[in-house]
1. Taking the Cα centroid of the range B:53-67 and of the range A:210-248, what is the distance between the two, rounded to the nearest whole Å?
2. In terms of Cα to Cα distance under 20 Å, which lysines are near enough to A:Lys105, apart from those fewer than 8 places away along the same chain?
3. Modelled label-to-label distance, A:Asp167 and A:Ser12, 7 Å Cα→beta-carbon offset: nm?
4. Averaged across A:79-91, how many Cβ atoms of other chains sit within 10 Å of each residue's Cβ atom?
5. Considering only A:Ala165, B:Leu129, B:Leu31, whose Cα is most displaced toward the positive end of the charge dipole of the protein assembly as shown, charges sitting on Cβ of Lys, Arg (+1) and Asp, Glu (-1)?
6. Subtract the Cα-Cα distance of B:Leu3 and B:Lys172 from 0.36 nm times their separation in residues, and report this length gain in nm to one decimal.
7. Around A:Val232, with a cut-off of 13 angstrom between Cβ atoms, what is the net charge of the other residues, counting Lys and Arg +1 and Asp and Glu -1?
8. Using per-residue counts of other Cβ atoms within 10 Å, averaged over each peptide, order A:154-163, B:108-117 from highest down.
Amino acid sequence: MMTTLAVQMARSLSGFTLSLDVKFSLSGITGILGPSGAGKTTLLRAIAGLDAGQTGRIQFADALWFDSEQQVNLPTHKRAVGYVFQDARLLPFTDVAGNLRFAEKRSRHRARLIDWDDVVDTLDLGALLKRMPQSLSGGERQRVALARALLTRPQLLLLDEPLSANDIQRKKALLPYIRKLSTHFSVPMIYVSHALDEMVALTDRLLVLREGESIAHDTTEAVLQRLDLREVSASRDAGAIFAATVVAHDTALQLSTLSLGAQHIFVPGLSLVMNAAVRLQIHSHDVAIALAAPSGLSIRNVLPCRVVAIDADHGSPFAELLLDIGDGLLRSRITRASVLELKLAVGDAVYALIKTVLVDNTSAS
Amino acid sequence: MDLSPVWITLQLAAATTLILLLVGTPIAWWLAWSQARVRPAVEAVVALPLVLPPTVLGFYLLMLLSPQAWLGGWWLQVSGSALTFSFAGLVVGSVLYSLPFTVQPLQSAFVNVGRETLEMGATLGASPLDRFLHIVLPLSLRGYLVAAVLTFAHTVGEFGIVLMIGGNIPGKTQVLSIAIYEQVETIQYATAHVLSAGLLIFSFVVLLLVYTLNGRRGFRVS
């Protein structure tokens, strides 16, 4: 199901003007990426109708939510959005079940099949229902907030850095839940964060904001291949994502073989289901380059490829390379010194040595 | 001993508290959220009874409520009796006099609820009234309790304003504080002792209640 959200807005913020004209094609998870202060939260709050004072127009499918010229401004409680805040904002005077009931009683689209038991099961809240919010951990609170937002049966779920209050361990534990929600309940989501790793793990499409302007808006895969965006290139989490299929298991050595078009990639462990579609993530700092097929090397994944682009920005010791592996593009981050020494140029046939492959098997699509 | 002053005082305090909780809520709400430029002025007016001598307030009220003035004249036409030197007039005076004791605790309770919490309610589909009834009220219960107790107690302790607009009519407008005054004037110390000690103990218990309520950690929004 594809819904369009058209946002045209202008609003002056401290130091710059947020000025946007974006059409979101909402299905799955759309990410809004940018450093803090780029206008991400302002945009999200405008979509929800939480702030006054901007000009422009916001239309969700057939419904006009905001138009400063026609003086239309649908109040938040009448927009079909759910919102998950950075801080969970649970009602402190009632237990978890009470918080969920509060949302369900006010849910705007009773016909939609988001079922209480299903939500509670999916977010593993069964054991927490009788607990008071004050006694929950940060991660648990955020799971309750997600469930509560879902039970309003929204047509669009907005998430504003829901993981930022959590440490890395909790963050890793929450990511699969969010991914699962979007596929299981088929509610489109807009997910705001400054963390590229969350975007890579979650989103299907990505809008990059810089100082109030949209500088990229495409599939996450395509944005991740851009060498010119510092929001991507400067991150430790820069890399490429691929859809792959599990084609073989080696039970003796405990390795799985994944096919990426004509190329094969080996990953340790046998937990993946045969023939399952999985999402692979390969960080650019995990990809080294060799001019010839190397021998005497412990790295299992060596892919023949061709250099498509080189970005050797003089401000950094590193260069970013884009490599064509036949069925997708791989990113590699090596030193500029290596680029010079190997005399790498666009069009060269080389070998990509991949140290680590991350597999996300919750994302079967 | 004539106990009618006790009864009148309690009636007056109860009526004043009830009216002020109803009237004070929208005023406190507006003061908590308004960005209007006149807000400091309104805040100052609400706080005036805290600093004005009750006689000043009583004097102006007497001017306003007398049957010759427009408000007093209108009341006389509508109800058939004068506002001055009547129980109804006492209630009007008490409501104005105790206004800050209701509005200030409520205002700080509403500010404590926070804009964030109201936004959360809106995103869950709650209308403004729904948000007030089912989010703000439960979160402000302590504020309401403090406001009610303070207003009630402050009304019980009134003297100057009551004397100015209510006079000293036994069984009608003679409240406790004035009865004590009269007992002392007529050298009836025994009765004055009983009434004064009663008021002293009552006031202490009320303040103890307020500070206990204020001291306890209440609900906090995570």
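Where a number appears in this text, it was derived from the coordinates with a stated rule and is not lab data. None of the values given here were measured: they were computed from a predicted structure. Note that we place each Cβ from the backbone using ideal geometry, even for glycine, and neighbour counts take in every protein chain shown.
1. 74
2. Within the straight-line limit of under 20 Å, A:Lys105 reaches these lysines: A:Lys78, A:Lys130.
3. Simple spin-label model gives 4.4 nm for this pair.
4. On the way: counts 3, 1, 3, 3, 5, 2, 4, 1, 4, 2, 10, 4, 11.
Shielding by partners across A:79-91 averages 4.
5. So the residue we want is B:Leu129.
6. Working: separation 169, 0.36 × 169 = 60.84 nm, distance 1.22 nm.
Between B:Leu3 and B:Lys172, full extension yields an extra 59.6 nm.
7. On the way: positive: A:Arg210, A:Arg226, A:Arg230, A:Arg236, A:Arg331, A:Arg333; negative: A:Asp197, A:Asp218, A:Glu221, A:Asp228, A:Glu231, A:Asp237, A:Asp311, A:Asp313, A:Glu320.
With Lys, Arg at +1 and Asp, Glu at -1, the net is -3.
8. Values: A:154-163: 23.5, B:108-117: 17.1.
In descending order of packing, they fall as A:154-163, B:108-117.
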